[in-house]
Structures are given as structure tokens and as C-alpha cells.
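The values are calculated or read from the model by the stated rules, or taken from the named source; none is laboratory data. The structure displayed is predicted, hence computed values, not measured ones. Ideal geometry is used to build each Cβ from the backbone, glycine not excepted, and the neighbour counts take in all protein chains shown. For accessibility, only protein heavy atoms count, side chains too; no ligands or nucleic acids. Shrake-Rupley method; radii C 1.70, N 1.55, O 1.52, S 1.80 Å.
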Amino acid sequence: MAAETTVRRLVDAAERLFAERGIDAVSLREINAAAGQRNSTALQYHFGDRAGLLKAVLAKHRPEIEARRHQLLDEYEARCPLPPAQARRTLAAALVRPAAAKLADPDGGRAYLRVMEQLVHRMPPSLPEDGGGSIGRWRELVAPLLPEAAVRLHQRFMAIRMTYVELARRASGPPARDDRLFTSHLIDVVSAVLASEVSDETARLVAERERRS
């Protein structure tokens, strides 16, 4: 079996098992067997360890999502300035649509979304910007639309997490004939999260917390 075919089968098996059972609940031996590898060291040879294999799963899908999101962000910047409500929904769409397209990707797209939900739950809300990646750029463009207290409360991360939770929920069910309504409504909800006002009570509690720190 050619090395390229072996790598592809291992990534596909890992993608499916990580989605179905959890990233940490599947042994490397099980992934090796699911990929039809008789050589028990094939996975370690090609990827090193679980982290290397997970990185390969993400790398299979990320370039397409990154390219599409950067394109949408380019279009947003070309249209600026926009009224606040329109700006929020446009940016919400730039977050949601590239990932939502994976719902219709027969080559592991739905499994990828379920894996991403697991990873988002592991990320700290104050995750660093991703070195020129589309999510870091998205966060920078959203920040001026939010009150400072909302930025400190990680409202942008809440929008990201909600996006992947809802996409994973959709991906866990049977494929739909049409995901357009689901996607549009998710964009509406994410836009509403970005528009959420910080109440006087919340602002006071934030100030109290910062005084104590």
C-alpha cells in the first residue's frame, strides 16, 4: 500500500472515530486497525502520536475554511463602514458559513465539525490570535463593534463556541437535504450574541472582579 494511501486511510479512520467516540476515548491501536493497517507501528511512523494525527485531521479541512473566511473578511473590509447591525451580521456570516459548508462535505466534513466542537471546549476563552489565521482576523474585526466590557467577558469566544456547538449538533444527525435555513438562522443567533448588551449589573461585577485582581 502506497504511503499516501496509508496516510489518507489513517486520517479518515481517526476523523470518524474521534467524532463518534471522542478524541481521548479511542486508542491509536483501534485507529490503526480501523484503517486496515496490519503494521501496528504505521500510525506512529506517519504521525508520531495522537497530537500529530489530530493535527493531520484538522489540516485536511482547514485550508478550505481559511480561504473562504479570509475571502468573506476581505469583502467585509471592502464594504466598510457598515451600519452596526449589518456589520455584526456580515461578520457572523464570515464566522459561520465557511464551517457550515462542511455539513455538505462527504469527505469527513461532518466528522470534522464534531471534532472541532471537542477542541473548542478545551480552548481558553482568551486564546491567542492564530498568527494570521482567519479566526484571529475575525476577532480583531469584531472587537470595535463590542463594548469594552463585552470584550473582557470574551463575548467573541462565546460566539465561536456557539457556532461549533450548533454545527456539531447538526452534524450528529442525518444529513439534511438543505442546510440553508439552518445556516442563516445560526448566523442570526451568532449576530445576536455579538449584539448582546452588557447590563449595569454585569459591568459592576466585572469592575469588582478587576479591582480584586
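A few points about this structure:
- Filtering 180, 152 for residues that are in contact (Cβ under 8 Å) with a residue 24 or more places away in the chain and of a type outside the set (A, V, I, L, M) leaves a single hit, 152.
- The sole residue among 68, 97 that is open to solvent by 80 Å² or more (accessible area, probe 1.4 Å), at pLDDT 95 or above, in contact with a Ser or Thr (Cβ under 7 Å, 6 or more places away or on another chain) and not small (Gly, Ala, Ser) is 97.
- Single residue of 19, 35 found to be touching a helix residue (DSSP H, G or I) at 6+ places or on another chain (Cβ under 6 Å) and farther than 21 Å from residue 168 by Cα: 35
- Selected residue (criterion: most open to solvent (accessible area, probe 1.4 Å)) from residues of segment 2-19 that are among the acidic types (Asp, Glu) and modelled with pLDDT of 95 or more: 12
- Note on segment 178-213: residues that are of a type in the set (D, E, K, R), open to solvent by 40 Å² or more (accessible area, probe 1.4 Å) and closer than 21 Å to residue 92 by Cβ amount to 4.
- Residue that is least open to solvent (accessible area, probe 1.4 Å) [pool: residues in segment 55-65 that are within 20 Å of residue 3 (Cβ to Cβ) and touching a helix residue (DSSP H, G or I) at 6+ places or on another chain (Cβ under 7 Å)]: 57
- Unmet criterion (only one of (1) touching a Ser or Thr at 6+ places or on another chain (Cβ under 8 Å); (2) at pLDDT 95 or above; (3) more than 26 Å from residue 179 (Cβ to Cβ)) for residue 83: (1)
- Residue 114, sole failed condition from (1) more than 22 Å from residue 55 (Cβ to Cβ); (2) at pLDDT 95 or above; (3) open to solvent by 50 Å² or more (accessible area, probe 1.4 Å): (1)
- Any hit, segment 133-149, residues being open to solvent by 30 Å² or more (accessible area, probe 1.4 Å), assigned to a loop (DSSP other than H, G, I, E, B) and not basic (Lys, Arg): yes
- Restricting segment 155-177 to residues that are touching a residue at least 40 places away in the same chain (Cβ under 8 Å) and over 19 Å from residue 115 (Cα atoms), the residue that is most open to solvent (accessible area, probe 1.4 Å): 176
- Hits in segment 31-54 (condition: of a type outside the set (A, V, I, L, M, F, W, C), under 26 Å from the mean Cα position of the chain (by Cα) and open to solvent by 30 Å² or more (accessible area, probe 1.4 Å)): 46, 48, 49, 50
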